[in-house]
Amino acid sequence: MLHAAFLMPLLPLAGFVVLLAVGRRVGDPWAGWIGTVAVAGSFAAACVTLIGLVHQPATARELTCSVSCGTGAASHAFFTWIPVGGLQVKAAILLDPLSMTMCVFVTGVSMLIHLYSIGYMQRDRDYSKFFVYLNLFVFSMLVLVLANNFLVTFVGWEGVGVCSYWLVSFWFHRDSAASAGKKAFIYNRVGDVGFLIAVFLIFSKTGTLTYLEVFAHRHLLAGGGAATAAVLLLFLAATGKSAQIPLFNWLPDAMEGPTPVSALIHAATMVTAGVYLLCRANPLLAMSSAGMWVIAVIGGVTAFVAATIACTQQDIKKGLAFSTVSQIGYMVLAVGTGAYVAAIFLMVAHAFYKGLLFLGAGSVIHGLEDEQDMKRMGALRRWMPWTFGTFLFAWLAIAAVPPFSGFWAKGDILSNVYAKNLPLYALALLTAFLTAYYMSRIFYLTFTGKARWQEPAPDGSPAHHKPHESPWVMRLPLVVLAFCAVFAGLIDLPWAHSVSLAAWLDPVFGNRLFDSHQSASVQIALAVADGVVAVAALLVAWGLWRRRVDRPELEPDFLQRVWYWDNLYDAVIGRPGQVMARTFATVVDARVIDGAVNGTAALVRSTAARVRRLQTGFVRNYVLGVALGLVAILVFMVSRSWS
């Protein structure tokens, strides 16, 4: 059954090739169905492979720091990609509990979003191209998570990056979409530099890039700060892909892409790639306590900062985008405290409820003729009951209201952080309150109160027609994701350790997993605190936003403008960069480089003009020149002999 693993990346790749060849010819909706069936096949292969791995003996799943995977080796190679001296890189997949967990939820959520896109992208002029990009993205994401070495992971890493660029700027005829795509691309390239330098450093110290071999020889990174440098460089890569401080502010602008893109790439899959990379490299992280503290602090601060910004957004997709940044901050915080299982738990739960939130927002936008301003929504529960009901479950899940999945996943992180560091726990708990608050604000402004879409906008835009519910291909994914958002907490309940996610992932993390050693009474007290904070935030938001739309005192310009983060980068990097570019263009390029080239040409031309005067055309002049040359040679030779 493990051989079905090869089909996971190959089926989306086949879908990409078929759509590239015939997608435009078959058009809407068959191009969408081809892409959806390809990813559905990948999901089926993932489920079959998962069952096969579960039935393997424990030694076959024991991927710790030994180079061998046991008798039932879980590393399978396609071919040798780079055979250069000591660098032997195989195009190979690594099957272990971590990669299989990622594959199942990536392919499952991708399948649902592909199905949703059939209805959402209907009548778009580049309908088939959209599914070409989606299939290529799923293939790249699976390459990233299945790779057995850093270099093949980097190939998938770059693949999802370029697909993100294409999809964010999919409606490139809008200047805002084209700019957002470039911004996402540039920010990710900054992080990618960290990834490449980390790869160079690891290879220079260990002589290999294969994960299991690197981990087996990780002692070669000890001393001289090499381990800390490698960890921080990998974390720099993660901050780019997973939108963490200082590279987080590309993600809200990326909402210019179609909403299914926001759900697939910027909520459920690509933005979790950085967290996956850190979890995969956990043996290296364990060698650097300083690096772990940096990761934890950045994750906690990012979660808080993004949550404060989300409290003030009027665009429903941007509010959800900052929410994504905040939730990934929680995952990074968990990684920094060594709570890797808690990070993966929240990653899975987040994929379900945040994917549902984005798809629900897309359903609202679809039903309101592309309206994204929550201040122009309201009372949609009456007109869009399916969207309202499923969005309700996602709202309660992300707000961490018990017993929804977010309560268990976020609570797992909070309890580990409490045992590790009290200031970080206080910051994380405050962020949990803000999370429940801003999600309640989004829910109330969108689905309750007065039907503001019936009124003209303050800028003179006309009122919208009556909203309509989405077609069944868009509703079905909402229902499935709502079910998962409610019950995903069952995969890692605190009292079910023997059959939980923690037990499944134990071979990957082993004794490097932080153990809080908390008593049952402490865990219960922390869980009660989590629940009280969530419910209190819901009630506060209800009192503030159920009848009011505008509260300027709660929406300061400082937060609406993202803590002036873009302004800071513009002042520190953008404008000085422009000045430097103009200086190089007018001084270095025009005067130095062009001056040197043009000066050389002028010198040659003037010299040639002077030398040309010697070409008189008279033989007597040439004979005189030869005679004078001979005399000069004789004088030189005689002077040399006398000396």
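The values are calculated or read from the model by the stated rules, or taken from the named source; none is laboratory data. Here the structure is a predicted model, which is why all the values come from computation and not from measurement. Methodologically, a virtual Cβ is constructed for each residue, glycine included, from the backbone with ideal geometry; neighbour enumeration extends over all protein chains shown. These accessible areas exclude ligands, DNA and RNA; they are computed on the full protein's heavy atoms, side chains included. Shrake-Rupley method; radii C 1.70, N 1.55, O 1.52, S 1.80 Å.
Mean projection of the alpha-carbon convex hull of the chain over all orientations, in nm²?
On the way: hull surface 170.1 nm².
Result: a mean projected hull area of 42.5 nm².
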field: Test item: Cα-centred dipole of the chain, Lys/Arg +1 and Asp/Glu -1 on Cβ, debye
entry: 1720 debye
statement: What one gets for region 414-480 as the Kirkwood radius, inverse of mean 1/r over different Cα pairs in Å, is 16.0 Å
query: log₁₀ I(q)/I(0) of region 431-552 at q = 0.10, 0.11, 0.17, 0.19 Å⁻¹, via Debye over equal Cα point scatterers, no solvent, to two decimals?
result: -0.58, -0.68, -1.12, -1.22
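How do 186-198, 626-638 rank on mean C-beta neighbours within 10 Å, highest first? Walk me through the numbers on the way to the answer.
Working: 186-198: 18.4, 626-638: 9.9.
Answer by packing, highest mean first, reads 186-198, 626-638.
For region 104-242, divide the Cα radius of gyration by the Kirkwood radius and give the resulting Rg/Rh value with two decimals. Spell out each step's value before the answer.
Numbers: Rg = 18.0 Å, Rh = 16.7 Å.
Here Rg/Rh amounts to 1.08.
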- line: If the chain between V190 and F487 were fully extended at 0.36 nm per residue, the gain over the current Cα-Cα distance would be 103.1 nm
query: Normalized C-alpha radius of gyration of region 210-287, against 2.2 N^0.38 Å?
result: 1.33
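Given the Cα-Cα distance of R512 and E555 and 0.36 nm per residue of separation, how much length would full extension add, in nm?
Values: separation 43, 0.36 × 43 = 15.48 nm, distance 4.27 nm.
Result for the pair: 11.2 nm of gain on full extension.
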message: Charges on Cβ only, +1 for Lys and Arg, -1 for Asp and Glu, centred on the Cα centroid of region 161-244; of T239, T206, A229, which one is farthest towards the dipole's positive end?
response: T239
- line: Charge dipole of region 581-624 built from unit charges on the beta carbon (Lys, Arg +1; Asp, Glu -1), centred at mean Cα; most positive-end Cα among A581, A602, V619 is V619
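Normalising by the residue count of the chain, find the relative contact order in percent from Cα pairs under 8 Å and 6+ residues apart.
On the way: 1032 pairs, mean separation 77.3, N = 643.
Relative contact order here is 12 percent.
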query: Counting only residues 5 or more places away or on other chains, whose amide H sits under 5 Å from the amide H of V89 once H atoms are built in the peptide plane?
result: W81, I82, V84
query: Between Q88 and V535, what length comes free when the chain is fully extended (0.36 nm per residue of separation minus the Cα-Cα distance, one decimal in nm)?
result: 155.4 nm
query: So what does log10 I(q)/I(0) come out to for region 90-131 at q = 0.16, 0.32 Å⁻¹, using the Debye formula with one equal point on every Cα and no solvent?
result: -0.59, -1.04
task: Express the carbon and sulfur contribution to the solvent-accessible surface of region 401-529 as a percent, rounded to the nearest whole number, probe 1.4 angstrom.
output: 67 percent
query: Roughly how many Å² of Y127 are accessible to a 1.4 Å probe, to the nearest 10?
result: 10 Å²
- line: Regression test value, accessible area per residue of region 152-213, probe 1.4 Å, units Å², expected 39 Å²
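Report, in debye and to the nearest 20, how large the dipole of region 496-640 comes out about its Cα centre when Lys and Arg carry +1 and Asp and Glu carry -1 on their Cβ. Let's see the in-between values first.
Working: 15 positive and 11 negative charges, 340 e Å.
Computed about the Cα centre, the dipole is about 1640 debye.
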task: For region 571-643, give the percent of accessible area contributed by carbon and sulfur heavy atoms, probe 1.4 Å, rounded to a whole number.
output: 70 percent
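P(r) tail for region 507-643, what percent of Cα pairs lie past 18 Å?
Values: 7815 of 9316 pairs.
Counting pairs separated by more than 18 Å, the tail of P(r) holds 84 percent.
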statement: Restricting to Cα pairs under 8 Å and 6 or more apart, the percent relative contact order of region 421-505 works out to 10 percent
- prompt: How large is log10 I(q)/I(0) at q = 0.11, 0.16, 0.17, 0.20 Å⁻¹ when the Debye formula is applied to the Cα atoms of region 325-430, each weighted equally and without solvent?
  reply: -0.42, -0.73, -0.79, -0.94
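Give the peptides 275-288, 447-460, 521-534 in descending order of average Cβ contacts within 10 Å, highest first.
Values: 275-288: 23.1, 447-460: 14.1, 521-534: 16.4.
Ranking the peptides 275-288, 447-460, 521-534 by packing returns 275-288, 521-534, 447-460.
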query: In whole angstrom, how far apart do the alpha carbon centroids of region 465-544 and region 223-299 sit?
result: 22 Å
- prompt: When the dipole is taken about the Cα centre of region 378-532, and only Lys, Arg (+1) and Asp, Glu (-1) are charged at their Cβ, what size is it in debye, to the nearest 20?
  reply: 480 debye
- request: Identify all aspartates and glutamates with a Cα-Cα distance to K205 below 19 Å; exclude those on the same chain that are fewer than 8 residues away in sequence.
  value: E213
message: Run lengths n ≥ 4 of DSSP H only: what is the helix-derived mean residue ellipticity at 222 nm for the chain, with -39500 (n - 2.57) per run over all residues, to the nearest 500?
response: -21500 deg cm²/dmol
